[in-house]
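The structure under discussion appears below in the form of structure tokens.
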Amino acid sequence: MDPSAIKNEAPEQAVAADGQSENDSGVAGDMQSLWHELRELNHMHFRLAALEAQQAGNSLVVMIVAGIMAAVLLSVAWLGFLAAALLALSRYGILADNILLILLAVVLNLLLALVLWGVIRSKGYDLRFPATIRSLRSISPAHQNKEEL
């Protein structure tokens, strides 16, 4: 072999080694930059989630207050309707006794409350997340062990 050829190969190998280390440092820098961008993106996602949770909380409070106000107005309207119906019954002579008229109003309110209680009770089952509970039980380890036996 020619000694000048060996000298020529050595600088090429040195350049290749330097290129490799530059390439590695470039990849490491890119990975570090990507990691910082990912952290920043996660931070932005958490900020967005926090702001949306705050907005949802404010909306929930407004909805509850509006619901309570609507319930009060509907209750007053219902009582006004009952009073008008009772006055009409009294005026046309169907029921002349004021005590019976008041008792009729109480009975109508209690019947309506009983119907609403039945609706609430029937809908209470859905509050226990029955489909979710069934799906969780189907994948639980204790349930799988029972099936294997």
Candidate set from region 94-123 (those that are within 22 Å of Gly80 (Cβ to Cβ) and among the small types (Gly, Ala, Ser)); member that is farthest from the chain's Cα centre (by Cα):
Ala96
Looking at region 43-51, can you tell me whether even one residue there is in a helix (DSSP H, G or I), without any contact (Cβ under 8 Å) to a residue 24 or more places away in the chain and small (Gly, Ala, Ser)?
yes
Selection status of Gly80, at pLDDT 85 or above, on the phi > 0 side of the Ramachandran plot and more than 28 Å from the chain's Cα centre (by Cα)
no
Among the residues in region 20-35, are any among the charged types (D, E, K, R), at pLDDT below 85 and more than 48 Å from the chain's Cα centre (by Cα)?
yes
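The values are calculated or read from the model by the stated rules, or taken from the named source; none is laboratory data. It should be emphasised that the depicted structure is a prediction, and the values quoted were computed from it without experimental measurement. Don't worry about glycine lacking a Cβ; one is built from the backbone with ideal geometry, like all the others, and counts go over all protein chains shown.
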